[in-house]
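Here's the structure we're looking at; comments come further down.
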Amino acid sequence: MKNMDITYNKYQQGNVMFLILVAVVLFAALSYVVTQSVRGGSNANNEKTLVTSAELVQMVSGIRTAFDRMHFKKGITAADIVLCDGDVKACDTLGDIADLCSSGPDCLFSTDGGGLISFNIPNGYGFYIYDERDNLRITNIGTAASDIALIITNDFVSPAMSYEMCDAINNGFGLPTEEELTTDWIMADGLTVAGKFDFCVDTNSGPNTNYRYYAVLTGF
């Protein structure tokens with residue numbers, strides 16, 4: 001995975017208004033793809049792409065809401081929210097690395113913690129989750145420290161995420177096309193993803209594509 005280790009602006013985690021704005025952006029993105037899916041003149045594949053992209057955004061919104069609830073309502077610091085089973089920096093729903101945590105009052109995915117025991121993952125998809133100890137940093141979110149983020153991808157059995165799906169996600173957030181974002185990603189300039197909590201890019205610099213939806217839960 002490529003890192004975006006650039007200069008950062010200061011981010012105030014306790015800014016409630018900022019969280020409200022993030023929620024508004026998520027709602028706008030979901031509304032956009034749902035509206036597009038019911039417009040006339042689009043074929044079945046396009047409609048399926050738009051609906052699935054809306055479902056992915058909705059899934060991320062639910063995870064982000066549960067995370068914020070633990071942080072702001074329960075008073076657990078973002079760094080102390082447990083994400084993975086065992087003291088590891090990353091885990092997933094794909095059986096590829098460590099499992100998500102499932103017990104304990106500080107666990108996001110436990111009934112006595114964050115209560116997030118169902119994700120409503122669209123068929124064919126899964127996600128990795130990286131905590132602040134991992135080397136994943138998005139420009140202009142938080143300080144120079146690593147962020148906590150989700151990376152949504154295919155489940156390794158179903159077909160890979162398509163370019164059309166990636167662009168539907170970016171369009172929903174008012175971002176440039178995937179090609180424009182990926183150019184900056186590969187060059188590590190961070191020009192168009194700077195400060196963005198949600199974006200989709202091709203993480204492969206070679207001829208094969210690997211589209212992934214990045215969603216930051218919190219910056220440090």
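Go over the candidates Ile121, Ile20 one by one and state the one that is at pLDDT below 95, surrounded by fewer than 18 Cβ atoms within 10 Å (Cβ to Cβ) and part of a loop (DSSP other than H, G, I, E, B).
Ile121
Which of the residues belonging to the range 61-113 are over 18 Å from Tyr214 (Cα atoms), part of a helix (DSSP H, G or I) and small (Gly, Ala, Ser)?
Ala78, Ala79
In the set Arg137, Arg133, which member is modelled with pLDDT of 85 or more, in a loop (DSSP other than H, G, I, E, B), of a type in the set (Lys, Arg) and farther than 17 Å from Tyr211 by Cα?
Checking each option against the conditions leaves just Arg133.
Among (1) more than 16 Å from the chain's Cα centre (by Cα); (2) surrounded by fewer than 18 Cβ atoms within 10 Å (Cβ to Cβ); (3) aromatic (Phe, Trp, Tyr), where does Phe109 come up short?
So the condition that Phe109 fails would be (2).
State the number of residues belonging to the range 61-72 that are in contact with a Phe, Trp or Tyr (Cβ under 8 Å, 6 or more places away or on another chain) and in contact (Cβ under 8 Å) with a residue 60 or more places away in the chain.
Qualifying residue count for the region: 1.
For the range 73-88, what are the residues that are farther than 18 Å from Thr153 by Cβ and either in contact (Cβ under 8 Å) with a residue 24 or more places away in the chain or of a type in the set (Lys, Arg) (or both)?
Of everything in the range 73-88, those that are farther than 18 Å from Thr153 by Cβ and either in contact (Cβ under 8 Å) with a residue 24 or more places away in the chain or of a type in the set (Lys, Arg) (or both) turn out to be Lys73, Lys74, Ile76, Ala78, Ala79, Asp80, Ile81, Val82.
Failed condition for Trp185, given (1) modelled with pLDDT of 75 or more; (2) surrounded by 22 or more Cβ atoms within 10 Å (Cβ to Cβ), with all others met?
Failed condition: (1).
Does the range 28-46 contain at least one residue that is aromatic (Phe, Trp, Tyr), at pLDDT 90 or above and part of a helix (DSSP H, G or I)?
No; the residues of the range 28-46 include none that is aromatic (Phe, Trp, Tyr), at pLDDT 90 or above and part of a helix (DSSP H, G or I).
In the range 200-212, is there at least one residue being in contact with a Cys (Cβ under 9 Å, 6 or more places away or on another chain), modelled with pLDDT of 90 or more and part of a loop (DSSP other than H, G, I, E, B)?
So far as the range 200-212 goes, no, none of its residues is in contact with a Cys (Cβ under 9 Å, 6 or more places away or on another chain), modelled with pLDDT of 90 or more and part of a loop (DSSP other than H, G, I, E, B).
Quick grid of which residues meet (1) in contact (Cβ under 8 Å) with a residue 24 or more places away in the chain; (2) of a type outside the set (Ser, Thr, Tyr); (3) in contact with a helix residue (DSSP H, G or I) (Cβ under 8 Å, 6 or more places away or on another chain):
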position	(1), (2), (3)
Ala90	yes, yes, no
Asp96	yes, yes, no
Asp99	no, yes, no
Cys107	yes, yes, no
Gly114	yes, yes, yes
Asn123	yes, yes, no
Glu132	yes, yes, yes
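The values are calculated or read from the model by the stated rules, or taken from the named source; none is laboratory data. Values in this document were obtained by computation on a predicted structure and should not be read as measured data. Note: ideal-geometry Cβ built from the backbone for every residue, glycine included; neighbour counts use all protein chains shown.
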